[in-house]
Each structure stands twice: as C-alpha cells, then as structure tokens.
1. Residue check: is residue 170 touching a strand residue (DSSP E or B) at 6+ places or on another chain (Cβ under 7 Å), at pLDDT 95 or above, in a strand (DSSP E or B) and more than 24 Å from residue 224 (Cα to Cα)?
2. Could you please give the count of residues in the range 224-234 that are over 14 Å from residue 142 (Cα atoms) and free of Cβ contacts under 8 Å to residues at least 12 places away in the same chain?
3. Please pick out the residue among 369, 467 that is more than 30 Å from residue 25 (Cβ to Cβ) and modelled with pLDDT of 95 or more.
4. Which residues, counting only those in the range 503-526, are under 25 Å from the mean Cα position of the chain (by Cα), under 17 Å from residue 310 (Cβ atoms) and not in a helix (DSSP H, G or I)?
5. For the range 411-436, name all the residues that are out of contact with any helix residue (DSSP H, G or I) (no Cβ under 7 Å at 6 or more places or on another chain), over 16 Å from residue 384 (Cβ atoms), in a loop (DSSP other than H, G, I, E, B) and in contact (Cβ under 8 Å) with a residue 12 or more places away in the chain.
6. Do we find a residue being touching a helix residue (DSSP H, G or I) at 6+ places or on another chain (Cβ under 6 Å), at pLDDT 95 or above and part of a loop (DSSP other than H, G, I, E, B) anywhere in the range 4-20?
7. Which residue is modelled with the lowest pLDDT, if the candidates are limited to the range 250-263 and must be in contact with a helix residue (DSSP H, G or I) (Cβ under 7 Å, 6 or more places away or on another chain) and surrounded by fewer than 18 Cβ atoms within 10 Å (Cβ to Cβ)?
8. Find the residue count for the range 244-276, including only residues that are in a loop (DSSP other than H, G, I, E, B) and in contact with a strand residue (DSSP E or B) (Cβ under 9 Å, 6 or more places away or on another chain).
C-alpha cells in the first residue's frame, strides 16, 4: 500500500491507496473534526479538535455513535464518534467537493465503506467526504438548557462543514464548490442545513434524497420527557433537567441505548423516532432558532436536487409480518392513533374527521386488509415522505433558486431495506436509489453491480448527473446523459423519471398531492 502525507490545520495525516472498481484512489479515514464528546461534553455543542504532534495514521475509519446495530441487534459504538473520511483520486488541482451525510433515522448508521464507498463517484473526478455525527439521545436530546439544548448531531455536521472549508484544499478539493447530499435522515439533515443560519455559506449546492425536514418522523416539538422517563428507569427519579443530564453523563453510552430500547419497546415502529431535531431556541448558539414552519417558508437558497422513490412506503411493512392478515388488521385498528401521531394532533374530533377523509381516499372507507397492500404503501409513502417533498417544491417555485425534481421508479436487483427486513415486495423501496451511488462492501462480489445490466446503467447515469450538478449546478450540463433535465418551476413542473429509460415528465404532480394539499393547508398541519 502506498502512503500519502497531507498537512491540515490540526497536524499531519498519512493516507493510504485503495484499489477500487475504477482504479486506485487515496483515502484519509478517521479524521477527527471535533473533540470527542465524552464526559461533561456529552450532550453539549461540539468543540473544535485539538492539534496533534507527529503523523496521524488515517488508514482506519473512526468510531461510530452509540446505537443498536441493524445487523445483529447488538449495541455498538460510543461517544467518541466525530470523525470524517476523505477520498480523492489525487491531491492536486481543485476538484468539486461532495459531502455525504448518512441516513438511519437519526438513530443508526455511519459514514463507513460498508455501505458508502465512493468508487462510482470518484471516476468523475470529485473529492468525496463522508461524516459521522452523534445519533439518538446523544445527538438530539433537548432539555431546554444550554448544556443540553438539542440538535447536537446537526451541529456536528456544521462543524464538519467548517472543517471542510478550512482543510479540503489540502486534499485537492475546491472549498468554493461544495455540494452536500444525503438520503433519508441524511436528506433531512441536508434540508435542515439549507435552512439553518448556522450553516449559511458553508456549501454551495445540495441534493436531498427521500426526505424533508417536515416529514412527520423528522421533527419533534419536545423529547425531554423521554429522557426523564429513561433516567427514572435507570435509577434517577429527578425531573430536574440539570440533574437528569448530569446523571445521564455518568452512564456508558451503550448502556443508555440498550435501556432506551427496553424502556420504549412500544415505540418500535420503523419510522417512529424519539430523538430527532427540535427547535433549540434556548441554546446560546441555536441551529433552529424559530418554529420549523416559519423557517421552512424561507426555502432553499442554493441550487438543489430533490427526489424520492416511487414506493417509499414499502419500508413501513417492516413494522410486522406483512404477509399476515393480522398485520393489516392492526394497521386498521391503529389508523386513527397513527394518523394523530404522524401529524402531532391532540384534538380527537379533528383526528376522527381527518382519518375518515384519508380512509375514503386510499381505502374507499373500508377496513384495511391484505388486498390493500398497494394502497397502504402509497398512503405511507405520501404521509412519511412525499407530502413534505411536495410542500418543499411549492416553496421553491416561489424562488429563483434552480431546483430539480426526480422520481426513482426502478426495481433494483439489490434492495437494502427489503434485504434487511426480509421483505419481497415489487417496487422502488426507500433507499433503493443508493444501490446506484455506492459500492457497498457489505455485499459479496455476487451482489455487486454487473456491467451491462440496467442497475449498472443507472449507476452510470445517476453518478454522472449528481457529479455534473456538483460541478456546475446543472445535472445534465456535460451532455453525457442523453436527456436534458429542466428545473422544476411553477410554469413547467418537470420531473426526471429515473428508470431503465430516463424520461422527463412535464407538468408533474402526484395525484395524491391534489388530495393532501388542501387538507394540510386547511388544518395547518405544516
């Protein structure tokens, strides 16, 4: 393995060469962009990293935030997780920079190569950065006090972007041409970064995949009651915020996430997250200082790609045995309570009225049964993903910011979510588009993309459009993809349909949005 030396503001790094499917690249892994948030720094805003002496080995990835592993359901990681990775073909020139923020419901995941190795992107001559950030209670507990004000995980991302501005040119990157992109909770993070005053000026373009900050699972008005309940189960009966924080700082990070799973076992739905972004106006350095609906109205001021998969809601079939009649009976039984939870409604009269309207639209007023699987998937897609994205687009239509919309409709051979939850449903599931963006080392060679297949062709198309956008702000600027992708504007709502044959749909609007838009406006649901 070759060695590569780079000097950054904190000290000297030694990187390594990596052989990818498109040749050799240079990796600098496990670079600390903040002080480890351990001890009294747990729950606090991230602190700048210290300088080190000598040469730091950057061959191995850094630690991940404490979480319950999706692979074996066991606790992994800890507090010491604020690391990023940089990958580039060479250390010269000034190349566009693409910063990837991983998903996982703000609860699981990491930036590592198992799911996010950037082989496909590096062939297009960009500098790739991926970051870890604090997750779950460690990253998003908001006790409304300055030492635990919420959104720590999002502030981690801001500090990482500051690190990029300060150091990326030493890796051959252009600090004046930075694109941030992410999917699911990573896409939500991108949306939040686009509207937060803390992140202004730290990037120049954005790609938001399968997410919006106003998706019901991506925002909480408060989460401190969960922490107080958790602390009580672990031996601290105080409801005082300062005392609760001090107590939680004495526990091992993995013990907290294990206890959290046990205490909130009834909150086990795949899109029901306790610790996610909140308004942090009590912070001395707030990430989201105003109510979310007010902040969203300002829209996004950098060129942006926004998109989603055609069957996002397949993900929610992981809430139980979707092959059983009992699963659908339970969906019907909890329909009202789930709707109330999604829209954070407390009025039983409003919930009853709204649920009747929604049931009439998707299920013709009938009980939900197994034969309604497609309608249930559509309903869950709309509520959890599409509505928020369509609201975002309506706001963008009032601005002059270049905005591009896509809808991914391909059914790939490898579906991350369906494999993880043992689902076998036809359609483009949540996260299926990632198949074409990353070389996933977690899969064996038999499951990698094969030249000549539609999956491989879409990899070529998507990585070219994503990197064209990163370079110029126009996803089809190079002409390498045999289609012109126009921006989404009020006079001509263009949508790129991503499937075997790329297609532009003009005057695009989801039929379901015609149903939801007046309802959301009438009841001011966001």
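1. Taking the combined requirement at face value, the residue does not satisfy it.
2. Count: 1.
3. 369
4. 508, 509, 510
5. 411, 426
6. Yes, there is a match, as at least one residue in the range 4-20 is touching a helix residue (DSSP H, G or I) at 6+ places or on another chain (Cβ under 6 Å), at pLDDT 95 or above and part of a loop (DSSP other than H, G, I, E, B).
7. The extreme case among them is 263.
8. 2
The values are calculated or read from the model by the stated rules, or taken from the named source; none is laboratory data. Just so we're clear, the structure is a prediction, and the values are computed from it rather than from any experiment. FYI the Cβ positions are ideal-geometry reconstructions off the backbone, even for glycines, and counts take in every protein chain you see.
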